[in-house]
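Derivation of every value follows stated rules applied to the coordinates shown; laboratory data play no part. Here the structure is a predicted model, which is why all the values come from computation and not from measurement. Positions of Cβ are generated from backbone atoms using ideal geometry, with glycine treated the same way; all protein chains shown enter the neighbour counts.
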Amino acid sequence: HEAALMAAEELQSLRAEAAAEAEANARAAEASPASAGAEEAPAQTLRAEASAVPVASELPPSAEESSHEPAAKANAGENCAPTDEEERRCSVEWQRLLSERETTARELGRTLEQIEELEALLEDRRVELQLAEKRWGRERRS
């Protein structure tokens, strides 16, 4: 019984976590278009510079200086979309994991209930068997 209660509590906490995460994702999606230029610009620049370095190292020194800025601008646009896609994939993966966890918690709760029912049935049969053995013992003595 106690384990079933724990499973139910776990289920409630999972639902609360999923709701909080969905709410945070919704807020992030709403804030993304409005503040994409202000908040993500430094991060995009860092990503663009990091991805431009391997390309720049292959170029001759004079071409490296002149092509660094256009490569950074091109990569900034490319890195923005994969980041959004990665966030979506991450969100989907978390939702899948939470769903699996919730399903597992429900299944464990049901299994625990079945085990408790079987234990109660077993206890009843044990008591019946003891009573029957006492009756048989009395019959043998008489």
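Observations on the structure shown:
- J(HN,Hα) series, the range 12-25, from Karplus relation 6.51 cos²θ - 1.76 cosθ + 1.60, nearest Hz, glycine and proline x: 5, 5, 5, 5, 5, 4, 5, 5, 5, 5, 4, 5, 5, 5
- Extension gain, ALA31 back to ARG89 (0.36 nm per residue minus Cα-Cα distance, nm): 19.0 nm
- Put in order of Cβ neighbour count within 10 Å, fewest first, the listed residues TRP94, TRP136 become TRP136, TRP94.
- ASP124, ASP84 arranged by Cβ crowding within 10 Å, fewest neighbours leading: ASP124, ASP84
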